[in-house]
1. Considering only residues that are in contact with a Gly (Cβ under 8 Å, 6 or more places away or on another chain) and on the phi > 0 side of the Ramachandran plot, look in the stretch B:216-252 and name the one that is modelled with the lowest pLDDT.
2. Restricting to the stretch B:179-236, name every residue that is outside any strand (DSSP E or B), among the hydroxyl-bearing types (Ser, Thr, Tyr) and farther than 23 Å from B:Gly146 by Cβ.
3. For the stretch A:151-172, how many residues are of a type in the set (Val, Ile, Thr) and surrounded by 24 or more Cβ atoms within 10 Å (Cβ to Cβ)?
4. Among A:Arg106, A:Arg142, A:Arg148, which is part of a loop (DSSP other than H, G, I, E, B) and either free of Cβ contacts under 8 Å to residues at least 60 places away in the same chain or surrounded by 16 or more Cβ atoms within 10 Å (Cβ to Cβ) (or both)?
5. Which residue pairs have Cβ atoms closer than 8 Å, lie 6 or more positions apart in sequence or on different chains, and pair a first residue in the stretch A:32-56 that is under 30 Å from A:Arg317 (Cβ atoms) with a second residue that is open to solvent by 10 Å² or more (accessible area, probe 1.4 Å) and among the aromatic types (Phe, Trp, Tyr)?
6. Can you tell me how many residues in the stretch B:132-159 are open to solvent by 60 Å² or more (accessible area, probe 1.4 Å) and either within 14 Å of chain A (Cβ to nearest Cβ) or in contact (Cβ under 8 Å) with a residue 24 or more places away in the chain (or both)?
7. Would you pick out the residues in the stretch A:309-345 that are touching a residue at least 60 places away in the same chain (Cβ under 8 Å), in contact with a Gly (Cβ under 7 Å, 6 or more places away or on another chain) and more than 18 Å from A:Gly34 (Cβ to Cβ)?
8. What is the residue count in the stretch B:172-197 for residues that are within 14 Å of chain A (Cβ to nearest Cβ) and not polar (S, T, N, Q)?
Amino acid sequence: MKRKGIGKTGLLLSMGLSLFGCSGTPARGVDWEGRRLPAFDMHLHPGDWDEIPTATQSFLASRFPFPLNLDAKSAAKDVLSADGILAEVDKAGLSGAVLFAVYAPRTVGIATNELVADSLSRDPQRLFGLASLRVDNWSRDRDAELQRLRTALSWPGMVGIKLAHAHQHFRMDDSSYFGIYQLSAELQKPVYLHTGTSPFPGTSQAPAETEPAYLEPAIKAHPGAKFLLGHLGYDFVSKQHAGLQTCIELAKKYPNVFLEPSALGSKGSDPTGENLRIAMQRMREAGVVDRIIYGSDGPQSPGFVKDYLARTVEAMRAAGYTAAEAEAVLSGNFARNFGVSVVAP
Amino acid sequence: MKLQSTLAALVCSALAGGDALAQTVALETQAPSPPAVPAAADSARVVLLPLSRGLLADVVAGGAGAGGWGVTVQGGYAWSALRGYYGVGHRLALLADVETALAVRWRPALGLSAKWVDTARVRISGDVLLGWLFQSGSLPRRGPSGELRIRAAVLLGRVAPYLVLATKHSILPDRTVLQKADSTQITWTARHEWTPWGTLGVGIALTPRLGLDVGVDYGWVDAPQSVAIPGFHLGLYFGGASGSRCGASCGS
């Protein structure tokens with residue numbers, strides 16, 4: 001695959017951002033009391049715009065600044081491609097990132113395992129992937145889908161599994177899907193789960209598909225699988241904490257539960273940054289800092305990845321994190337649990 | 001009389017900045033009180049308008065007099081426009097605008113421009129426009145649109161820095177068709193799109209009938225929940241001045 005240019009839109013955007021002093025690639029890592037802490041974003045989405053449902057395309061387009069939103073496909077191409085993501089990762093000073101495959105044809109669309117694997121090949125030292133599978137014809141395709149997932153997890157750089165019950169429309173406590181967790185335990189590939197509501201059109205808001213408490217039977221039944229609870233059960237519709245306490249209690253109760261505070265602290269979901277600060281503070285007070293794994297849920301729009309890292313660092317500072325704790329959250333916990341070496345700054 | 005006229009022209013021209021390309025000469029046989037050129041004209045007066053008055057002022061600050069007309073072609077990022085006006089009264093002009101953002105968002109509109117303030121150095125006018133919004137691309141939108149606009153310019157010889165402040169409003173109707181097993185339900189909803197607007201620019205008269213316009217634009221489309229990137233434009237204008245008199249304030 002040839003490296004693509006940043007494109008007309010990217011160039012114009014770069015010019016625009018340069019006017020406001022937003023250009024330049026910072027040094028890798030996060031500055032914390034004179035030290036450079038390595039940071040790794042475990043939650044980024046590559047994508048194929050044409051595989052996204054129309055309603056969701058409009059939703060995503062509305063997140064882009066005017067006039068980039070007039071032709072969101074071109075703008076998205078610049079940030080959703082492997083090269084675009086690497087540019088955002090570099091801009092944020094991250095050591096690397098994890099790219100998610102997604103199979104949610106009725107809501108957020110499809111980013112295939114093959115697309116992710118192809119993206120990882122752009123920089124195998126810094127990019128890793130989570131594979132996924134379709135569940136919309138589960139009674140018919142269960143075995144074939146699990147085999148497809150098993151195959152994808154054998155590809156270089158695939159370090160885990162991505163599921164989103166609310167986007168894929170299946171219950172968290174439905175044991176007919178527990179084969180996915182069995183595979184996770186067998187292959188020692190952690191499984192990431194979207195928890196909480198979602199603003200995307202067509203998403204299920206049913207408690208059994210959004211509230212992390214419904215995951216407990218699966219967590220309890222699969223002690224050998226690592227469950228990473230994405231978004232901390234945040235309610236993205238009302239923009240407030242909903243499942244935070246449940247997530248913390250699950251992490252305290254089960255050693256195979258991990259926590260990921262992505263997206264909930266974005267400018268759109270948490271304008272003041274207070275919700276993210278509360279989340280980081282409560283997790284620290286609960287003594288589960290060693291379970292927190294940083295992710296942003298980017299790239300979303302140009303600059304989001306960098307901005308979310310800055311907001312998370314600010315929230316940790318406000319919550320009194322030590323340098324060692326911040327380093328664990330930003331990269332150490334991920335490296336240890338996903339078996340990945342994080343490149344030092 | 002001829003000597004007096006020439007002197008008056010020179011004096012007025014000097015007061016207006018010494019502009020050698022002054023465009024309009026108006027002869028008055030009976031000077032009104034107070035005289036526009038007190039030292040040189042007692043029984044007759046020649047008023048020589050600087051370039052920044054007339055066409056340039058009409059283009060950048062609006063409010064053309066009767067018979068005045070002008071067309072401006074602006075190109076830039078993200079906004080481009082074709083604008084025209086025709087003066088129909090002492091302080092009133094008809095407006096016709098077609099604006100586009102990247103040829104994806106279009107808004108043709110018609111309106112009126114009224115001159116509020118008109119001195120030798122300052123022109124301020126207010127515009128009202130009604131039109132229709134068409135937007136294709138990733139976020140299709142269409143619906144009626146209205147705009148209230150204030151334009152102000154400082155007239156400095158052949159250049160005129162100007163400021164445009166506007167508030168644009170569109171009503172975007174949505175038709176939802178719900179097909180059920182036994183019936184089809186159609187519902188209409190509408191939402192309001194607000195676009196506050198600002199342009200800071202400068203008009204430059206090249207000749208009495210031709211000039212340039214350059215400026216920076218900020219149109220915050222769908223404020224306040226959205227984000228917008230500022231833009232810029234370069235324009236070319238041409239037309240004819242209304243032949244309006246400088247008025248009592250000329251050269252003051």
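1. Selected residue: B:Gly243.
2. If the condition is that a residue be outside any strand (DSSP E or B), among the hydroxyl-bearing types (Ser, Thr, Tyr) and farther than 23 Å from B:Gly146 by Cβ, then B:Ser183 is the only one that fits.
3. So the count comes out to 1.
4. Exactly one of A:Arg106, A:Arg142, A:Arg148 is part of a loop (DSSP other than H, G, I, E, B) and either free of Cβ contacts under 8 Å to residues at least 60 places away in the same chain or surrounded by 16 or more Cβ atoms within 10 Å (Cβ to Cβ) (or both), namely A:Arg106.
5. These pairs meet every condition: A:Met42/A:Phe338.
6. Residues meeting the conditions: 9.
7. Within the stretch A:309-345, A:Phe338, A:Val342, A:Val343 meet the criteria.
8. Looking only at that region, the number is 7.
The values are calculated or read from the model by the stated rules, or taken from the named source; none is laboratory data. Keep in mind that this is a model prediction, so the values were computed, not measured. We place every Cβ from the backbone using ideal geometry, glycine too, and count neighbours over all the protein chains shown. Side chains are part of the model used for accessible areas, which takes the heavy atoms of the whole protein and leaves out ligands, DNA and RNA. Shrake-Rupley method; radii C 1.70, N 1.55, O 1.52, S 1.80 Å.
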